[in-house]
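Peer 1: Quick one: the structure is below, questions incoming.
The values are calculated or read from the model by the stated rules, or taken from the named source; none is laboratory data. Quantities reported herein were computed from a predicted structural model and do not represent experimental measurements. Cβ placement follows ideal geometry from the backbone for every residue including glycine, while neighbour counts extend to all protein chains displayed.
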Number of protein chains: 2
Amino acid sequence: MSISNIKEIKSCNDGISINKFKANGIKTEKYGVALIWNENLCDCAAVFTKNSIKANPVKYDIAQLNKRKKFKAIIANSGNANACVREGLADAEEMCKIASEKLKSNPDEILCESTGIIGKRMDIEKIRKIVHDLDINEISSRNANKALMTTDTKFKEISYEYKGIKIGGICKGAGMIAPNMATMLCFLTTNANLGENYDVSNAEILNECLKEAVGESFNMISVDGCMSTNDCIILLSDGTKTCSVDDFKFLLKFSTKELAKKVVADGEGATKFLEVVVEGAKTQNKAKKIALTIVNSNLVKSAFFGENLNWGRIMSASGSVAKINFDNIDLKFEDIDTNKVVEVLNKGIANKLDDWGIMKAKNIRILLNLNEGENNATAWGCDLTYDYVKINAEYN
Amino acid sequence: MSISNIKEIKSCNDGISINKFKANGIKTEKYGVALIWNENLCDCAAVFTKNSIKANPVKYDIAQLNKRKKFKAIIANSGNANACVREGLADAEEMCKIASEKLKSNPDEILCESTGIIGKRMDIEKIRKIVHDLDINEISSRNANKALMTTDTKFKEISYEYKGIKIGGICKGAGMIAPNMATMLCFLTTNANLGENYDVSNAEILNECLKEAVGESFNMISVDGCMSTNDCIILLSDGTKTCSVDDFKFLLKFSTKELAKKVVADGEGATKFLEVVVEGAKTQNKAKKIALTIVNSNLVKSAFFGENLNWGRIMSASGSVAKINFDNIDLKFEDIDTNKVVEVLNKGIANKLDDWGIMKAKNIRILLNLNEGENNATAWGCDLTYDYVKINAEYN
């Protein structure tokens, strides 16, 4: 798979409503509900938060996925995270029941997710009322996306096609950083059928592909390094298009990276988008760790907000998590929009830079080459701003 | 050693200049130099940054300490970190030479440290000039402290006595967070002689004690979780007071904790001091990890700045690094100044709190009991404020 294949990926502007997948949602003042459904049972793959304190819908979904891998729909709400509340498991089950009645299906064919305040009981009657009002004859991926927005300021929707494989997705989350609402929800739909040519089921292969794609996309973004109780990525496939694992993985990785980048570009208070590319590392793990540490560092992030070329902070962050030979280091900054490149360090020797114009760019790529091996990794983030503190201090 | 012994610790107001230790310093506009010295050779123990990118004075000191354990003096400067600069090792050596000429001693009897901008060569002539101007007949721990201040707004000096053992100390650092100056320097002096009753040397025992004390003090504070290239803690002992290891450790832990707390209380932009006490953990390591994660979380820190009782963020941070059984959790907030306690969670059940007055306190203790074991740990930090971002964005 080369980079030139990306040209063959076509945007189809359906959001999550590709093929026969349908979606709609309603956002009211406090609560919002999104429904995503298919008339047929779909193979399901999912990745959930590693936080040991899991929200009730996460616990519910994990239990359901341990029993079966075929589902028809997802119901998700904003306004309450249904986390750290004892009665919450029954509320999650009730949400699925409400959705099943609306869609005239079985509650066991529904998964659910929540985002919002931790520690307060859900107002299940509000959910019931919104679902009652929801028009399932209207198809609007955009409405579903809107229903889940909390501190988000931008829609995060994609749909792509490659060799007949389609992937649609919506995503909610301004990083993992929203106040008391520290949540990233991502729902993906596809037509890919990977099971036919293999000895394992479609759901199993989808799960492997999803884990790998998440490792290179959602696990490589950070707004503030905080991990939520509710984070989840759920993928449904109606299996109508037989395809190769390689082709599917290629499109899935592209799709999840595009969504992940939309999340950090909308990071709370962010004024700049940062892409950190670590090259030439001895191991993949080392490249990943360094890239994430740079993108997570409050010092690096506030330097970019201030448009100061404090490269020492990048080196200090790198050295804090891995063995770095400073004399080998090449460091470049690139304006992603104009492709203008500024060389900051050349084998550990700093260039005298009089022009810091590069720091004024909106979208900046940091290229750090360790020159010690063959492994690369990319992470994405944003700057740390007054507004991040404001949003997270004032939320009530 | 019980808490009641603390009453027997007396403050002696000497700062680092206890016994025959002397100190003085000069701060000029860009650079500052501090000298700490003793007429006699002292046993030395030290702990340095674990950052793999080490500043040149750190590399120099480590090499010196591998050769010998007896030193007479420390020279330290602010204004330049002497890090990520190839010629810097020679500059560190030259600094020690300059100090040795002033003190009429051997360069090999001197250690050095630096704090300031990374990646720019030191102006060694400025250091030479300041040392030339320094009056070594004047003794002023305060001047030495002042000479090392960068973004610090408060002096960080202590001197205590317990059973005839004295410990003096000065500390520089507004967390590990200063812009391009991410550095915490701490110098300690003592009269303790621990070697006489043991088969190992005084320096060896001092080193063991220092490592243990740092683990419970400087390693348990965080302003922004960033680790510097220059961090160091150096302890000199003139060995004039024979004492037990237990008594010395007791005083050393108390002293380093007091200094560490002064660092976070002066954290850049901080408006609140936070003490996080994790109790009832299965292992010590788990208690430490959770306490540090809470104190490091941007979400928790901005909630305290905003005076919002978002306890969900504390639980989410805890669960992100360790297995937590939420149904066991007790959580209390205490106003450290008035000892007023508010119960937030009782075995995982949230109290309905109408009065958030506790959040208006300046100094807040967060008491989290996991109720699963016998291990406790305490960490210290501060809130995340507009001023933190401002200071770190605008520095140039």
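Peer 1: Would you confirm whether any residue within region B:58-66 is among the small types (Gly, Ala, Ser), more than 18 Å from residue B:231 (Cα to Cα) and over 22 Å from the mean Cα position of the chain (by Cα)?
Peer 2: no
Peer 1: Say whether the condition of being more than 14 Å from every other protein chain (Cβ to nearest Cβ) and of a type in the set (Lys, Arg) is met by at least one residue in region B:132-147.
Peer 2: yes
Peer 1: For residue A:295, which of the numbered conditions (1) closer than 26 Å to residue B:267 by Cα; (2) surrounded by fewer than 24 Cβ atoms within 10 Å (Cβ to Cβ); (3) touching a strand residue (DSSP E or B) at 6+ places or on another chain (Cβ under 7 Å); (4) not charged (D, E, K, R) fails to hold?
Peer 2: (2)
Peer 1: Restricting attention to region A:257-286, report how many residues are touching a helix residue (DSSP H, G or I) at 6+ places or on another chain (Cβ under 6 Å) and modelled with pLDDT of 95 or more.
Peer 2: 3
Peer 1: Of all residues in region B:311-333, how many are under 21 Å from residue B:352 (Cβ atoms) and more than 29 Å from the chain's Cα centre (by Cα)?
Peer 2: Count: 6.
Peer 1: A further question follows. Looking only at helices (runs of 4 or more DSSP H) that fall completely inside region B:284-394, which ones have 1 or more residues that are at the interface with chain A (Cβ under 8 Å from one of its Cβ atoms) and on the phi < 0 side of the Ramachandran plot?
Peer 2: The qualifying helices (runs of 4 or more DSSP H) are B:298-305, B:311-321, B:386-394.
Peer 1: Tell me the residue from A:11, A:17, A:52 that is over 27 Å from residue A:133 (Cα atoms), touching a residue at least 12 places away in the same chain (Cβ under 8 Å) and either among the polar types (S, T, N, Q) or more than 14 Å from chain B (Cβ to nearest Cβ) (or both), please.
Peer 2: A:11
Peer 1: If residue B:318 passes every condition in (1) farther than 30 Å from residue B:163 by Cβ; (2) among the polar types (S, T, N, Q); (3) out of contact with any helix residue (DSSP H, G or I) (no Cβ under 6 Å at 6 or more places or on another chain) but one, which one does it miss?
Peer 2: With respect to (1) farther than 30 Å from residue B:163 by Cβ; (2) among the polar types (S, T, N, Q); (3) out of contact with any helix residue (DSSP H, G or I) (no Cβ under 6 Å at 6 or more places or on another chain), residue B:318 is out only on (3).
Peer 1: Inspect region B:129-147 for any residue being over 29 Å from residue A:299 (Cα atoms) and of a type in the set (Gly, Ala, Ser) and give the result as yes or no.
Peer 2: Among the residues of region B:129-147, at least one is over 29 Å from residue A:299 (Cα atoms) and of a type in the set (Gly, Ala, Ser), which makes the answer yes.
Peer 1: Could I ask something else about it? Does residue A:208 satisfy being more than 14 Å from chain B (Cβ to nearest Cβ), among the acidic types (Asp, Glu) and under 28 Å from residue B:384 (Cβ atoms)?
Peer 2: Against the criterion (more than 14 Å from chain B (Cβ to nearest Cβ), among the acidic types (Asp, Glu) and under 28 Å from residue B:384 (Cβ atoms)), residue A:208 does not qualify.
Peer 1: Also: Looking at region A:98-120, is at least one residue touching a helix residue (DSSP H, G or I) at 6+ places or on another chain (Cβ under 9 Å), within 14 Å of chain B (Cβ to nearest Cβ) and without any contact (Cβ under 8 Å) to a residue 12 or more places away in the chain?
Peer 2: no
Peer 1: Pairs only if they're at least six apart or on different chains, beta carbon under 6 angstrom, first in region A:373-386 and farther than 21 Å from residue A:259 by Cα, second part of a loop (DSSP other than H, G, I, E, B); list them, first residue then second.
Peer 2: Taking only residues 6 or more apart or on different chains, the pairs are A:373/A:282; A:375/A:283; A:385/A:269; A:385/A:271.
Peer 1: So, of the residues in region B:343-356 that are surrounded by 12 or more Cβ atoms within 10 Å (Cβ to Cβ) and closer than 11 Å to residue B:309 by Cα, which turns out to be modelled with the highest pLDDT?
Peer 2: Applying the filter and picking the extreme gives B:344.
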